[in-house]
1. Positive end of the dipole of region 155-237, charges at C-beta (+1 Lys, Arg; -1 Asp, Glu), about the Cα centre: which of Met168, Ile180, Ala217 has its Cα farthest in that direction?
2. Would you work out if region 107-152 is rounded, prolate or oblate? Take a ≥ b ≥ c from the square roots of the eigenvalues of the alpha-carbon gyration tensor; rounded if a/c is under 1.5, else prolate when a/b is larger than b/c, oblate otherwise.
3. I'd like the orientation of helix 13-24 relative to the chain: the angle between its Cα long axis and the longest Cα principal axis, in ° from 0 to 90, rounded to 10.
4. Quote the accessible area belonging to Ile191 in square angstrom, nearest 10, computed with a 1.4 Å probe and with ligands, DNA and RNA left uncounted.
5. Among DSSP beta bridges lying fully in the chain, give the percent that are antiparallel, nearest 5.
6. How much net charge surrounds Lys164 when only other residues with a Cβ under 14 Å from its Cβ are counted (Lys, Arg +1; Asp, Glu -1)?
7. Would you please classify the overall shape of region 36-84 from the alpha carbon gyration tensor, given that a ≥ b ≥ c denote the square roots of the eigenvalues, rounded means a/c under 1.5, and beyond that prolate means a/b larger than b/c while oblate covers the rest?
8. At 222 nm, what helix-only mean residue ellipticity would the chain give, in deg cm²/dmol to the nearest 500, using -39500 (n - 2.57) for each DSSP H run of four or more?
Amino acid sequence: MENIILITGATSGFGKAIAQTFAANKWNLIITGRRKDRLDELCKEIEEMGTKALPLVFDVQDKNAVFNAIDHLPAEWKKIDILVNNAGLALGRDPFDKANLEDWEIMLNTNVKGLMYVTKAVLPYMIPQKKGHIINIGSIAGKEVYLNGNGYCASKHAVDAFSKAMRMDLLPHKIKVTAIHPGAAETEFSIVRFKGNEATAKSVYEGYTPLYANDIANITYYCATLPEHVCINELIVTSTAQANSNLFYKE
Ligand code: NDP
Ligand code: 8X3
């Protein structure tokens with residue numbers, strides 16, 4: 001099978017929109033996440049668009065589950081062209097002294113170790129092809145820290161560092177590495193961060209127009225479909241109302 005993309009965290013937000021965008025352009029998709037019902041629903045939607053989908057249910061924090069799922073891909077799904085490392089989350093927004101240690105552990109295990117596991121599992125499929133593209137969804141929080149962002153910012157700074165390191169080390173294998181660093185985008189991100197408190201989550205996006213999942217999906221598709229000799233190494237994208245990690249213009 002040709003044109004295969006693996007997207008982690010495809011049950012919601014950026015990952016789901018990226019899946020829909022690639023499906024609309026006739027890519028075959030391996031979609032992953034923990035919520036099987038959502039993956040099954042998305043598979044149906046993708047197949048109705050006339051392309052193929054393979055759901056893999058695993059928690060990216062679980063090293064054995066990641067390798068087990070990816071090592072045992074059906075033969076026709078092994079020629080992965082693009083990996084989008086998107087699964088991730090923030091938990092809490094508290095000062096360093098009050099932040100919850102377990103929240104930090106989950107963020108680092110998911111955003112950093114999960115990305116490590118999935119990438120290490122996929123690379124053996126890309127390297128023999130002497131081509132491939134790894135797209136890491138970082139964050140503006142991986143470029144500049146902000147108040148009470150501690151653990152999340154640290155995890156996304158690690159994604160930034162891993163992206164730069166991968167790009168250097170994978171050069172001989174002709175594998176492109178792109179890091180996309182979005183600013184605030186209205187997805188389920190803040191509902192997860194504020195542990196189901198919808199009012200607090202909603203307040204994050206009040207007074208300005210944030211980014212939406214489709215914005216990131218379109219940018220991801222653009223980065224992924226440039227000529228073979230062109231690679232966007234990294235880009236920072238914010239809503240027009242956001243200048244950096246710390247400064248928004250709200251009305
Ligand atoms: P959502 O909460 O809408 O989506 C997060 C996705 O990640 C879900 O599909 C979820 O799937 C998956 N995920 C989370 N934890 C795990 C896990 N342990 N194992 C497997 N999958 C997991 O948020 P976004 O779409 O906004 O976030 C996507 C990425 O973008 C994240 O890395 C986030 O840090 C980053 N980002 C978000 C920004 C924003 O403002 N929204 C801005 C900058 C970056 P499931 O729960 O089914 O496992
Ligand atoms: C998510 C965007 O600004 O809340 O990565 O960190 S922000």
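1. Going by the Cα projections, it comes out as Met168.
2. oblate
3. It is inclined by approximately 30 degrees.
4. Only protein atoms counted, so the area is about 60 Å².
5. The antiparallel proportion sits near 5 percent.
6. +1
7. Oblate is the answer for region 36-84, as a/c is 1.5 or above yet b/c matches or exceeds a/b.
8. -11500 deg cm²/dmol
The values are calculated or read from the model by the stated rules, or taken from the named source; none is laboratory data. Here the structure is a predicted model, which means the values were calculated and not measured. Backbone-built Cβ (ideal geometry, glycine too); neighbour counts: all protein chains shown. Accessible surface areas use protein heavy atoms only, side chains included; no ligands, DNA or RNA. Shrake-Rupley method; radii C 1.70, N 1.55, O 1.52, S 1.80 Å.
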